[in-house]
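Okay, structure first, notes after.
The values are calculated or read from the model by the stated rules, or taken from the named source; none is laboratory data. Everything numeric here is computed off the predicted structure, so don't read it as measured data. Every residue, glycine as well, gets a Cβ built from its backbone with ideal geometry; the counts of neighbours run over all protein chains shown.
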């Protein structure tokens, strides 16, 4: 069992302005599965322009909460408000068109296409074009410059012509972020962006998230607390579907209930 000192170390929280502007809010968000409440009355507020982490022990309801926010699951009760608009019950495609776009814990790219082709398809969708696989290479090349820019942004300049199946896991996750960026989201939801990565890949993804935050809001689910400590402006801790604590890392990391939840000594 880990000691608290090994879980919460070297806080490096960035101070932000006292002015708040809520971009995403939930009111009493609840999801039941056969009587079991995976998400239980969550009131979440994410401020525009911040990186906000949703953390908690396994089974806390984090990914279920993400699925509710992006309409991959319908809530049992509660509301979801994005940019002042009630989006509860909207179809996932409509939510994405409004500017709320998510990545997945398992990489969701086309493995038998190249990195460039994957980003190009995302750009087609973002600009209202259909996925015309049968169109000529010349007709599709109108998207190439922007696709290469996005690959550069995520550190994949040298992999434009590489088939995704031949790429390393960390590179696939970076590519997924590039395809998400192609949709020009106002807010990105990243589900476990560093899951299963070696230390070096984790560092690269953290730096990538820092680079792409300009002009966007990011909400991320993350188990690795060494990732969120120096990256996120605010943390919301879930346990058993409820909010246990909320605030900057330097405050949350010292909360006895949070430490107990991560050590497995709380009812989490």
Right, residue 183: within 15 Å of the chain's Cα centre (by Cα) and surrounded by fewer than 22 Cβ atoms within 10 Å (Cβ to Cβ) or not? yes
If I filter the range 94-113 for residues that are more than 17 Å from the chain's Cα centre (by Cα), crowded, with 19+ Cβ neighbours inside 10 Å and modelled with pLDDT under 90, do I get at least one hit? no
Just need a number here: residues in the range 31-63 that are surrounded by 18 or more Cβ atoms within 10 Å (Cβ to Cβ) and more than 24 Å from residue 226 (Cβ to Cβ). 5
Condition check: in the same structural domain as residue 258 (by TED's automatic domain parsing), in a helix (DSSP H, G or I) and over 15 Å from the mean Cα position of the chain (by Cα). Does residue 38 satisfy that? no
Any idea which residue in the range 167-199 is modelled with the highest pLDDT, counting only those that are in a helix (DSSP H, G or I) and out of contact with any helix residue (DSSP H, G or I) (no Cβ under 8 Å at 6 or more places or on another chain)? 176
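May I ask you to verify whether residue 237 is closer than 18 Å to residue 52 by Cα and assigned to a helix (DSSP H, G or I)? Give the steps one after another, and end with the answer.
Numbers: closer than 18 Å to residue 52 by Cα: yes; assigned to a helix (DSSP H, G or I): no.
So residue 237 fails the test.
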Quick one: how many residues across the range 23-64 are touching a residue at least 40 places away in the same chain (Cβ under 8 Å) and within 19 Å of residue 102 (Cβ to Cβ)? 26
Scan the range 65-80 and report the pairs whose first residue is on the phi > 0 side of the Ramachandran plot and whose second residue is part of a strand (DSSP E or B) and crowded, with 20+ Cβ neighbours inside 10 Å, with Cβ atoms within less than 6 Å and a gap of 6+ or a chain change. 78/29
Counting just the residues of the range 240-258 that are assigned to a loop (DSSP other than H, G, I, E, B) and touching a residue at least 40 places away in the same chain (Cβ under 8 Å), which one comes out surrounded by the fewest Cβ atoms within 10 Å (Cβ to Cβ)? 254
